[in-house]
Amino acid sequence: MKCCLVKWIIASTAPQGPDDISESELEMATVRHQPEGLDQLQTQTKFTRKELQSLYRGFKNECPSGLVDEETFKMIYSQFFPQGDATTYAHFLFNAFDTDRSGSIRFEDFVIGLSVLLRGSVNEKLRWAFNLYDINKDGYITKEEMLAIMTSIYDMMGRYTTPSVKDDAPFEHVEKFFQKMDKNRDGVVTFDEFIETCQKDDNIMSSMQLFENVI
Amino acid sequence: MAAGVAAWLPFARAAAIGWMPVANCPMPVAPRDHSKRQDELIILNVSGRRFQTWRTTLDRYPDTLLGSSEKEFFYNEEAKEYFFDRDPEAFRSVLNFYRTGKLHYPRAECIQAYDEELSFFGIIPEIIGDCCYEEYKDRKRENAERLQDDQEDKKDFKPPNMTFRETIWRAFENPHTSTMALVFYYVTGFFIAISVLTNVVETVPCGSTSQKDISCGQRYTVAFFCMDTACVMIFTVEYLLRLFAAPSRYLFMRSVMSIIDVVAIFPYYIGLVMTDNEDVSGAFVTLRVFRVFRIFKFSRHSQGLRILGYTLKSCASELGFLLFSLTMAIIIFATVMFYAEKGSSSTKFTSIPASFWYTIVTMTTLGYGDMVPKTIAGKIFGSICSLSGVLVIALPVPVIVSNFSRIYHQNQRADKRRAQKVQKARLARIRIAKKGSSNAYLQTKRNGLLNELLDLTASEEEQQHLNKTKSLLESQHHHLLHCLEKTTGHDFVDEQLFEQNCLEGALQPYRSRTPSTSSLEGMTGTCCSRRTKRSVPLPIANAPASHAHPLALTHTLPKSPGLQELSAINIQCAEKQIHSSSRSNLNMQTNEVDRRNCKQQKVTTAIISIQTANTGSPAEDGGHGLPNRGASVVTTTSSNIIKVSAL
């Protein structure tokens, strides 16, 4: 009984013990994923064997478990944009790569996405971009979706820019975009309108070829 | 940029295609990969050490990396071997697992590194053999505690927008957060000490009147009463404030510290209420004993006390064992002594409970001597009693001591980690490293544009001077950031400069003048105007430090396209402050430029005026002499100062 009294008196003055850690130890099961074989990936993508090998090594180094979850993805992507906040855009990118909505990117998703971006035809690339902007994947880009994307891109710039990013800068940018793309003025951009407008714009067409030699 | 993340750079660049359709300006040219496609295969094995084993050995565990087809990704065809860029020391235990079926944890290995290796090779740590599992678990626990401490340290920063109530609570819980809290902390500590002291001194006899000694408390009743009142006032205020600020009042009232607080101040109020009734005052005197609980309030102030309390709590089972065995022994020996001494006359061992006192005093080796056995049997049993007492008490004590020592050292380590210097230095280093990457980009921008200039002037020495070799990775990363700038139509800028620009009110008149022109070109005012600028055969040095110039550009272009341009020199003060630079029209007054200079300047901005005859005029320069050339392009060697001029 005396020990109970002692316990009771000391109860709240003591700091939390390490007992709480034991629960987390129970959840030690690691989730792992192995990608499909090299040959299968070669057929599915337009990369050569060597390219796939080097891609996988990089991928596996960063994510030994073979799966990239959204948090890791955001962290990796944010490292490239130290001045701004890249997490929102990384979220959209993540959804664009995670085609089966499994909540994590496997190596196959990664490599198939890259194949489209780096080795695909211009139309395929445009389709990929359209897919990125179309957040709910319903085939239409609405102003709200575009505004979300645009805000996230502007967020990556951060605070220290010249000229300063005004609060309505993304909104204006979206307005310009819709003026250009939305031919029938119905408030949404469909894939055909998108493709049509992009094909007429030289800037966009030339910039699509920009990253051919990335790998 | 971290080396590992470099592997993701191609991905980030590819993903930049997502910006292309929304960008309004053309993208910059990508840096060319001059080196032929490098095979990243370095012919090493596990970092150079070659291990050999049978394939069937590896196939024993097909759900791991080495046992499955996943290792084909690491195959090096030329050398006909598999290359893993991992630690060869840790790899030893991984390979031994395949060979013997048992996974061992090498003690010399850092727990995190080992975990990463296991995770890479697809082996779950649960299968560590029994021989090494305890050690592994202990190390893991220590690591987790360390991480927890780090997490708590991060929480130390103050979240913005705290309500008044939250601020007070936080001030109470962490006194070192604000000066007021610290002051209050020390004041309450002082008053606790005063209160305990007065309680003690109250009972000291000082002086005597008539027959008996009078205690100080009775002699100076008023003084002690005032002191007591003051202390109780403070304690009450403190208690009420805590009650007000507590996030969960119910929980707070149930907590031990608050109960101690209440118990400490209650007797005073009861004393106020009570009259000088004889019967009740007896109980009242007993209540005064509770005033001594005020000393427990010190536990908020003393970490050692808390550790002691925590130790006792964590050693509860040992303490319980100690008490239980002592009780057993006391009863046994008391009984024996009683019956042994029963025979002797005028013995003090009148009953068994009376013998308890003797037994306790003997077992704890106190030996007051007020009860002593007289018979021989009694003496024999008495000596056995004292010997066994020593043993029984000595056994659980080291366990308690070691527990205390472990917890105490843990706390010491945590305190050391929390030590301001270490944290600050570390955070500063991290911040510098992070800034380094963005600053590298800004630095490159300036250098890049200077390079453009120099290309035209064909000044060999200076070209080489500026041509810092940049790794391909860096140039690709900078290209990516450049694309982002073009997409949004804004430029990255240095933090100091940004703040400086914000402070300058001089921009307001410019802004008001240019909305018409900028709205014409929309958001692309900046970059597209630069594009049209290129059509004018004057290359312009664009020191990125100013945001005045794009506006100035749009301002000048429609008005006077044919005029040459002045460029002001962007000079940093000796204190490393960047002056704003502006590209201003000849029409612009120099005083407008001067207005933008920073107040503590030691070097004036120099303006090079350029006549159409393309003869350079000497620039006025406070600090440095500029060579008088046709193409007055000057760069300085010191990194603090950058001068840029246009042709």
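Give region A:131-150 a look and list any residue that's within 11 Å of chain B (Cβ to nearest Cβ) and hydroxyl-bearing (S, T, Y), or say none.
The one that is within 11 Å of chain B (Cβ to nearest Cβ) and hydroxyl-bearing (S, T, Y): A:Y133.
Taking region B:105-141, which residues are within 11 Å of chain A (Cβ to nearest Cβ), within 26 Å of the chain's Cα centre (by Cα) and at pLDDT 90 or above?
B:D115, B:E116
So A:Y160 fits all but one of (1) out of contact with any Cys (no Cβ under 9 Å at 6 or more places or on another chain); (2) more than 9 Å from chain B (Cβ to nearest Cβ); what number is the exception?
Status for A:Y160: all satisfied but (2).
Among residues belonging to region B:103-157 that are of a type in the set (V, I, T) and touching a strand residue (DSSP E or B) at 6+ places or on another chain (Cβ under 6 Å), point out the one that is surrounded by the most Cβ atoms within 10 Å (Cβ to Cβ). Working first, answer last.
First, the residues of region B:103-157 that are of a type in the set (V, I, T): B:111, B:123-124, B:127-128.
Narrowing further to those that are touching a strand residue (DSSP E or B) at 6+ places or on another chain (Cβ under 6 Å): B:127-128.
Details: B:I127: 13, B:I128: 22.
Result: B:I128.
Yes/no matrix, rows are residues, columns are (1) at pLDDT below 85; (2) facing another protein chain (nearest Cβ under 7 Å):
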position	(1), (2)
A:E27	yes, no
A:C63	yes, no
A:Y77	no, yes
A:A90	no, no
A:F94	no, no
A:I112	no, no
A:S115	no, no
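Residues in region A:158-169: is at least one aliphatic (A, V, I, L, M) and within 20 Å of the chain's Cα centre (by Cα)? Even if it seems obvious, please write down each step before you answer.
So in region A:158-169, the residues aliphatic (A, V, I, L, M) come out as A:165, A:169.
Applying the additional criterion that residues be within 20 Å of the chain's Cα centre (by Cα) yields none.
Taking every residue of region A:158-169 in turn, none turns out to be aliphatic (A, V, I, L, M) and within 20 Å of the chain's Cα centre (by Cα).
On the basis of being within 11 Å of chain A (Cβ to nearest Cβ) and modelled with pLDDT under 80, does B:A15 make the cut?
On the way: within 11 Å of chain A (Cβ to nearest Cβ): yes; modelled with pLDDT under 80: no.
When the stated conditions are applied, B:A15 does not pass them.
Can you tell me which of (1) in contact with a Leu (Cβ under 8 Å, 6 or more places away or on another chain); (2) exposed (fewer than 15 other Cβ atoms within 10 Å of the Cβ) is the one B:F266 doesn't meet?
Just one mismatch for B:F266, condition (2).
Table: residues versus (1) more than 16 Å from B:A14 (Cβ to Cβ); (2) of a type outside the set (D, E); (3) surrounded by fewer than 19 Cβ atoms within 10 Å (Cβ to Cβ).
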position: A:T88; (1), (2), (3): yes, yes, yes
position: A:H91; (1), (2), (3): yes, yes, yes
position: A:I105; (1), (2), (3): no, yes, no
position: A:G113; (1), (2), (3): no, yes, no
position: A:S121; (1), (2), (3): no, yes, yes
position: A:L132; (1), (2), (3): no, yes, no
position: A:E145; (1), (2), (3): yes, no, no
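Conditions (1) touching a Cys at 6+ places or on another chain (Cβ under 9 Å); (2) without any contact (Cβ under 8 Å) to a residue 60 or more places away in the chain; (3) closer than 30 Å to B:R300 by Cβ, marked per residue:
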residue	(1), (2), (3)
B:I214	yes, yes, no
B:G217	no, yes, yes
B:T221	no, yes, no
B:T229	no, yes, yes
B:I234	no, yes, yes
B:Y239	no, yes, yes
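Just the residues that are modelled with pLDDT of 85 or more, away from every other protein chain (no Cβ under 14 Å) and farther than 24 Å from B:C110 by Cβ, please, taken from region B:47-92.
Answer for region B:47-92, where residues must be modelled with pLDDT of 85 or more, away from every other protein chain (no Cβ under 14 Å) and farther than 24 Å from B:C110 by Cβ: just B:R50.
The values are calculated or read from the model by the stated rules, or taken from the named source; none is laboratory data. No experiment lies behind these values; they were computed from the predicted model shown. Positions of Cβ are generated from backbone atoms using ideal geometry, with glycine treated the same way; all protein chains shown enter the neighbour counts.
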